[in-house]
Amino acid sequence: QQSALDAGLSPIIRKKLMGFVGFANLPNQVHRKSVRKGFQFTAMVVGESGLGKSTLINTLFNTTLYPPKVPLPPSAERPSTVAIESISADIEENGVRLRLTVVDTPGFGDFVNNDECWKPIVENIEARFDSYLEQENRVNRQKIVDNRVHACLYFIQPTGHSLKPIDIEFMRQLHTRVNLIPIIAKADTLTDEEVAEFKARILADIQYHNIHIFEAPTYENEDEEALAEAKEIMTKIPFAVVGSDKLVKTPDGREVRGRAYPWGVVEVDNEDHCDFVKLRQMLVRTYMEELREYTNDVLYENWRTEKLLSMGVVQDSTVFKEVNPAIRIQEERIMHEAKLAKMEAEMKMVFQQKVQEKEAKLKQSEEELYARHREMKEALEKQRLDLEDKKRRIESGRPLTPEKASTGRKKFLRGG
Ligand code: GDP
């Protein structure tokens, strides 16, 4: 109570009501308002082409959001990068309107070299955060459009082995930015036993790589039914799904959404056949609001903090505040001057080094010149002595030996 008073808040006293006041109707007020405003939800689908992404989205929302795909002919030019495409639709159920946006990532995992094919996807998710932050910082922020991705359905190929490096790398790069929901695609191609083993291996991989996937939240004061529902959903992750937007007839005459095979019908909405119902429960029926909330409160908030800190916005104990611009300019000036001084010192050093090299070279040629000079002087002196000897011999009338005469002449000719 004292700390509440210190903070300027009034103390809280528990009181019993004497009669009806009306605030018990608050949840209904919120409900009416939400229904009037409508809801927005953005889901992203990622996985190699042909894993049934468009089919599953159509099955989930019971619409033909995606028209049937026409496969490219072999001669057609294929894109060389992951594209990001989004489709929006307004759908309504019992008077509740939902603007559903599906972000598709055609090309993911389809190239010979799939290194870094997660990059355009991370960039797209962060660009959506950026756009939200920019809207929040506007003077008028009455009409914020929330284009942030609230959930990412990651389609795992039904190999029955374990996750591929591309799956692990994608989830590792994305799990701090988006609610990841792993899905085993086309689960009708695996037996029940294979599905169970594949799920266990996928979960072990996810745990080993410290990847955080979206979990059904369990609050302490939640009723038992909700807790049991959350627990049951959790046991199904990664959801092994079958998609089909076509109605087929079962042997007992029912019309169901499913896939007909010569040996029977796989029913999409039958929990004994696949986890589609549980996936829809998690994504739409029970936890759509949780997914939106976790995106806003945790994923976006963490990204926002990182972004603002990297921009030089600092946080004191209670509030965020901008660094004083004058101090910032002063700091930038000091840094700039330090950079200039460093460049000048480097230039000086290089100059000194060049001068030293030149001096050493000059000294060497000087020494070479001296040596040559000495050599020539010695040669001339020898020549002079020879000539003097020759002169003395001629004067004394002694004949020159042929050898001496020729070397004397040669030396004279070379020296002179
Ligand atoms: P996308 O490229 O990932 O969007 O895949 P599509 O939704 O276009 O599906 C590719 C092909 O797989 C189509 O022929 C679908 O009929 C088929 N398909 C979709 N979902 C399933 C499924 O759950 N099981 C099986 N066996 N086939 C499916």
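Of the listed pairs K53/K119; K361/K382; K33/K53; K249/K278; K186/K249, which have alpha-carbon separations greater than 29 Å here?
As for pairs spanning more than 29 Å Cα to Cα, those are K361/K382; K33/K53.
If packing is taken as the mean number of other Cβ atoms within 10 Å per residue, what is the order of 15-23, 333-341, highest first?
Output ranking for 15-23, 333-341: 333-341, 15-23.
How would you rank 380-387, 58-65, highest first, on the average number of other Cβ atoms within 10 Å across their residues?
Averaged packing, sorted descending, gives the order 58-65, 380-387.
Per residue of the chain, what 222 nm ellipticity follows from adding -39500 (n - 2.57) for every DSSP H run with n ≥ 4, rounded to the nearest 500? Could the numbers behind the result be given before it?
Working: 12 runs with 192 residues, N = 416.
Helices in the chain give a 222 nm mean residue ellipticity of -15500 deg cm²/dmol.
Take the chain, drop everything but the C-alpha atoms, weight them equally and run the Debye formula without solvent; then report log10 I(q)/I(0) at 0.10, 0.13 Å⁻¹ to two decimals.
Log10 of I(q)/I(0), two decimals: -0.90, -1.23.
In degrees from 0 to 90, rounded to the nearest 10, what is the angle of the helix 192-208 Cα long axis to the longest principal axis of the chain?
Once rounded, one gets 50 degrees.
Length gain on complete extension for the stretch K348 to V122, per 0.36 nm per residue less the alpha carbon to alpha carbon distance?
Between K348 and V122, full extension yields an extra 76.8 nm.
Can you tell me the order of 145-157, 199-211 when each peptide is scored by its average per-residue count of other Cβ atoms within 10 angstrom, highest first?
Peptide ranking by packing, descending: 145-157, 199-211.
Taking 35 Å as R0, compute the FRET efficiency from the Cβ-Cβ separation of A196 and I166 and round it to 0.05.
Calculated value: 0.90.
How far, in degrees from 0 to 90, does helix 325-396 lean away from the longest principal axis of the Cα atoms of the chain, to the nearest 10?
Tilt of helix 325-396: around 20 degrees.
Coordinate-derived values only; no laboratory data. What you see is a predicted model; the values in this text were computed from it and never measured. Cβ sites come from the backbone with ideal geometry, for glycine too, and all protein chains shown count toward neighbours.
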